1. Six or more apart or on different chains, Cβ under 6 Å: which pairs go from a residue in the range 141-164 that's within 19 Å of TYR107 (Cα to Cα) and in a loop (DSSP other than H, G, I, E, B) to one that's open to solvent by less than 80 Å² (accessible area, probe 1.4 Å) and aromatic (Phe, Trp, Tyr)? Could you list them?
2. Just the residues that are open to solvent by 60 Å² or more (accessible area, probe 1.4 Å) and either farther than 15 Å from PRO89 by Cβ or not in a helix (DSSP H, G or I) (or both), please, taken from the range 129-140.
3. Tell me whether the range 82-95 contains one or more residues that are in a loop (DSSP other than H, G, I, E, B), over 19 Å from LEU136 (Cα atoms) and at pLDDT 95 or above.
4. When residues of the range 98-140 are filtered for being of a type in the set (Asp, Glu) and in contact (Cβ under 8 Å) with a residue 60 or more places away in the chain, how many remain?
5. So is LEU20 in contact with a strand residue (DSSP E or B) (Cβ under 9 Å, 6 or more places away or on another chain) and assigned to a helix (DSSP H, G or I) or not?
Amino acid sequence: KALEKKNPIALLPTGAGKSLTYQIASLLQPGLTIVVDPIKSLMKDQNENLQNASIDGTVYINANLSATEKRINIQRYCEGEFLFAFVSPERFVIDDFREAIASIPNYHRNFSYCVIDEAHCVSEWGHDFRTPYLNLGENAIQFCKTFDETHIPIFGLTATASFDVLADIERELKINRNDGKAVIRYENTVRDEINY
């Protein structure tokens, strides 16, 4: 679905390769990928995992960096030096960041995907204490331009989401319900190593 420029929401168990799905799709596309993570340690881990796999075009932009480091990383990302950028949903409500990513076409670069990792946070946290999650779909569509000027494909990944949470994710991220059945489930959830 991602390679068809659809908007998949993948419900896959932990350890089933959720990260690989967007990483491989991103490597097969000509544009940049922005990955929204809920916590700083996850950004750092994913960034390091890619670098350990010899994919060094990655960067994270979060509060662990100084203002200068953030500014430099954003500029280098906009110029196309990095393929992946890991950010928090709050980054999308910062005017300087929005202006920077909106200027990416000026560098003859564009986006391929906006990935929402741990997408259940959109529903479970967005309505309570992390409201930037609720505007994430709109902001991605408005500021992350693709080569053909269509809406950026939004790629949601989660291991824990009920039917209601999945429906809320679709609604809040502005994923068109006629998009060819956005939710993708792993058919076999039998985990032999887990006993009840």
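The values are calculated or read from the model by the stated rules, or taken from the named source; none is laboratory data. Keep in mind that what you see is a predicted model, and the values were worked out from it rather than measured. Cβ coordinates were reconstructed from backbone atoms using ideal geometry, including for glycine residues, and neighbour counts include every protein chain displayed. The accessibility values were calculated without ligands, DNA or RNA, using every heavy atom of the protein model including side chains. Shrake-Rupley method; radii C 1.70, N 1.55, O 1.52, S 1.80 Å.
1. Going by the 6 Å Cβ cut-off, the qualifying pairs are CYS144/PHE111; ILE152/PHE111.
2. Initially, the range 129-140 is screened for residues open to solvent by 60 Å² or more (accessible area, probe 1.4 Å), giving 129, 131, 135, 138.
Answer for the range 129-140, where residues must be open to solvent by 60 Å² or more (accessible area, probe 1.4 Å) and either farther than 15 Å from PRO89 by Cβ or not in a helix (DSSP H, G or I) (or both): just PHE129.
3. Kept after step one, since they are in a loop (DSSP other than H, G, I, E, B), are these residues of the range 82-95: 82-83, 88, 94.
Checking which are over 19 Å from LEU136 (Cα atoms) leaves us with 82-83.
Imposing the further condition that a residue be at pLDDT 95 or above reduces the set to 82-83.
Checking the range 82-95: at least one residue is in a loop (DSSP other than H, G, I, E, B), over 19 Å from LEU136 (Cα atoms) and at pLDDT 95 or above.
4. Let us first name the residues in the range 98-140 that are of a type in the set (Asp, Glu), namely 99, 117-118, 124, 128, 138.
Narrowing further to those that are in contact (Cβ under 8 Å) with a residue 60 or more places away in the chain: 117-118.
Going through the range 98-140 one residue at a time, the tally reaches 2.
5. no
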